[in-house]
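Laboratory data are not the source of any read-out in this text; all were calculated from the coordinates shown. Note that the coordinates shown come from a computational prediction; the quantities given were computed from them, not determined experimentally. Every residue, glycine as well, gets a Cβ built from its backbone with ideal geometry; the counts of neighbours run over all protein chains shown.
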């Protein structure tokens, strides 16, 4: 017999996950900025998925997936699946035609981000994963489906 869980009982866990995600992204942005990255946008949504952070460093555009977990859980590396990477790459392609990035980009970065996305084929870019596991932070650069 299937046990049903009332939606109201699930809400605190879902809210907790959103709060943990926001805290993780704030921590990720601070960590990236301390290492010379310029944050251009956060939470860029497309119909295919969301890119957590778009940042620029040394003329390379970084599309960054943030995964944060408590130190007692499995490594966040296990959350970077081929399906998740496929969504990120599809979202990047969709962003190239996305006209209004003002919601997710800082006003000073909007024009720079739009220009970089429009000319993505001419610029270096990569997909990275920033893993937060308790107090540890690790950046996996240039991850791919291959």
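Multiply the residue separation of residue 38 and residue 96 by 0.36 nm, subtract the distance between their alpha-carbon atoms, and state the gained length in nm to one decimal. The partial results should precede the final answer.
On the way: separation 58, 0.36 × 58 = 20.88 nm, distance 1.94 nm.
So the extension gain works out to 18.9 nm.
Which of the peptides 33-39, 57-63, 90-96 is most tightly packed, and how do the rest follow, going by the mean number of other Cβ atoms within 10 Å of each residue? It would help to have the intermediate numbers written out before the result.
Working: 33-39: 13.9, 57-63: 15.4, 90-96: 17.1.
Highest-to-lowest ranking by the protection proxy: 90-96, 57-63, 33-39.
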